[in-house]
Amino acid sequence: MTSVVAGAGMARVLRELSAGPGPGLIGGDPGECARVLGVDGVAVSLATGGSLSELVWCSPGTSERLDDEQYTLGEGPGVDAVGSGALVIEPDLAQVRPDRWPVLLPVLAALGVGALFCFPLRIGGVCVGALTAQRATAGPLSEAAMDDALLLAAAVTAAVLVGGDRAARFSDAEPLAHLHRAVVHQASGMISVQAGVTVAQALVLLRAHAYRFERPLLQVAEDVVTRRLHFRHDGDGPGPSASKGDDGRG
């Protein structure tokens with residue numbers, strides 16, 4: 001069995017991860033991690049119910065936007081990696097079949113993402129999330145970077161396990177305030193009551209509204225929480241209404 005040894009830069013990143021999570025679920029510097037891997041950004045999302053649910057670690061900018069778009073649209077490399085438990089490696093997005101991610105691919109082009117590398121976070125036969133690296137320029141990861149990324153995915157999975165007690169309390173009031181998508185969870189609960197649907201169905205309504213009006217999901221959720229946008233249930237089924245304007249922008 002061939003062993004994989006981390007390069008000097010990744011060894012430093014792994015030491016920082018093992019030092020403890022600090023204020024977040026995962027420690028270390030994602031920006032430094034991206035630099036070591038030779039990519040433009042990295043993100044880690046955990047999964048519930050077989051799909052990406054909560055962004056817990058990322059470099060700022062494009063990686064955060066990419067994760068939010070996958071969450072909103074329900075498709076992408078992270079979604080595939082969690083669903084299959086397998087690596088999703090696309091070194092040149094221009095060569096990806098248009099029907100693979102029909103809604104996300106134009107968004108990726110607009111974001112300037114040229115290559116994606118997604119690693120499932122597996123605990124036995126269960127996939128608890130995904131580590132996604134993105135780069136503007138097309139091309140594969142080097143062999144050394146690929147080895148480093150696999151080691152990083154294993155280390156992140158271990159960090160998630162160590163912080164499992166905290167992760168298990170995501171629905172508690174105090175941890176909820178620190179979640180990247182806390183406002184989405186809160187808005188889904190409010191829509192559930194307003195529209196008379198389940199929380200899962202409420203999230204679908206929220207995502208659909210964000211997609212229809214080409215707005216970030218977090219902004220739409222904020223409108224719901226601040227009561228600039230609310231969802232009602234009438235004879236035609238649940239739908240949004242706004243305090244200002246006709247497009248639900250508030």
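When VAL128 is tested against (1) free of Cβ contacts under 8 Å to residues at least 12 places away in the same chain; (2) under 20 Å from ALA159 (Cβ atoms); (3) aliphatic (A, V, I, L, M), just one condition goes unmet, and that condition is (1). Is it fair to say ARG212 is of a type in the set (Lys, Arg) and either buried (at least 17 other Cβ atoms within 10 Å of the Cβ) or at pLDDT below 80 (or both)? No: the conditions fail for ARG212. One residue alone among PRO140, PRO102, PRO60 is over 21 Å from LEU14 (Cβ atoms), part of a loop (DSSP other than H, G, I, E, B) and modelled with pLDDT under 90, and that residue is PRO60. Do the conditions hold for GLY78, that is, is it at pLDDT below 85, buried (at least 24 other Cβ atoms within 10 Å of the Cβ) and in the same structural domain as ASP148 (by TED's automatic domain parsing)? So GLY78 fails the test.
The values are calculated or read from the model by the stated rules, or taken from the named source; none is laboratory data. From a predicted model like this one, the values you see are computed outputs, not experimental measurements. Counting neighbours? That spans all protein chains shown, and the Cβs are built from the backbone with ideal geometry, glycine included.
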